[in-house]
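Below is one structure; the comments refer to it alone.
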Amino acid sequence: MRIIAGQHRGHRLHANAGDTTRPITDRAKQSLFDALQDCFVGGGQRVMDCFSGSGSMGLECLSRGAAKAIFVERDRGALATLRRNLDEMKMTDRAVILPIDAYASSEELHPEMHDLTIAFVDPPYSHTATGHWRNKLDALLRRLASNAMIDGGIISFRHPTNITIDAAALGVKIVRELRYGDMGITWLTKA
């Protein structure tokens with residue numbers, strides 16, 4: 001796992017030990033950020049890496065010139081790895097780490113979660129199926145779309161390819177769908 005482009009291009013990232021996170025492959029990350037490149041024109045973006053793990057997506061954005069990245073992660077091991085990556089890349093001054101349950105944000109957004117250009121939402125795959133966790137996830141996506149994103153801001157939602165998204169129920173519009181084997185990434189924007 002490494003930074004693909006920008007100021008820290010080629011920098012190897014530390015990954016969290018154990019099975020608590022699911023890092024995106026370099027190939028899929030390259031393809032995703034190639035598609036997102038217009039979002040980084042001019043700099044100054046605020047991004048969020050929700051269920052961030054070691055912070056790969058937010059760190060990539062900071063390397064590409066984003067002004068601030070908000071990392072939401074509650075796992076202690078992942079938080080330690082994220083802090084280590086930020087320290088090594090000397091980007092702690094442009095980062096906000098929220099060691100909270102991401103679903104708490106679905107009830108009331110943290111004050112840092114506003115004016116976001118991109119929000120990466122990468123929950124555990126088990127949360128994307130039907131039931132209690134999926135209801136919490138849908139509430140989070142709905143709240144982000146309606147209250148956290150700038151006009152035209154993109155929520156990049158990572159999920160298994162067999163998952164369906166009811167855009168109307170979430171108050172979002174599906175902008176793009178990307179597929180990488182059994183992994184899907186769907187871009188959502190406020191309807």
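Quick notes
- Verdict on L109 being without any contact (Cβ under 8 Å) to a residue 40 or more places away in the chain, crowded, with 16+ Cβ neighbours inside 10 Å and in a loop (DSSP other than H, G, I, E, B): yes
- Yes/no for G42 being free of Cβ contacts under 8 Å to residues at least 12 places away in the same chain and either touching a Pro at 6+ places or on another chain (Cβ under 7 Å) or farther than 23 Å from D182 by Cβ (or both): yes
- Number of the exception - G131 against (1) farther than 26 Å from H8 by Cβ; (2) open to solvent by 50 Å² or more (accessible area, probe 1.4 Å); (3) over 17 Å from the mean Cα position of the chain (by Cα): (2)
- Single residue of segment 34-71 satisfying the filter (part of a loop (DSSP other than H, G, I, E, B) and of a type in the set (A, V, I, L, M)) that is surrounded by the most Cβ atoms within 10 Å (Cβ to Cβ): A66
- Count - residues of segment 70-85 that are under 18 Å from D122 (Cβ atoms), over 10 Å from the mean Cα position of the chain (by Cα) and not basic (K, R): 8
- Residue selection: D151 fails the criterion of being buried (at least 18 other Cβ atoms within 10 Å of the Cβ), acidic (D, E) and not in a helix (DSSP H, G or I).
- Selection status of S126, in a strand (DSSP E or B) and closer than 24 Å to D75 by Cβ: no
Each row is one residue, and each column tells you yes or no for (1) of a type in the set (V, I, T); (2) within 25 Å of C39 (Cα to Cα); (3) touching a residue at least 24 places away in the same chain (Cβ under 8 Å).
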{"site": "D87", "(1), (2), (3)": "no, no, no"}
{"site": "D93", "(1), (2), (3)": "no, yes, no"}
{"site": "M113", "(1), (2), (3)": "no, yes, yes"}
{"site": "P123", "(1), (2), (3)": "no, yes, yes"}
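The values are calculated or read from the model by the stated rules, or taken from the named source; none is laboratory data. Everything quoted here is computed from the prediction, not taken from an experiment. Cβ sites come from the backbone with ideal geometry, for glycine too, and all protein chains shown count toward neighbours. Accessible surface areas use protein heavy atoms only, side chains included; no ligands, DNA or RNA. Shrake-Rupley method; radii C 1.70, N 1.55, O 1.52, S 1.80 Å.
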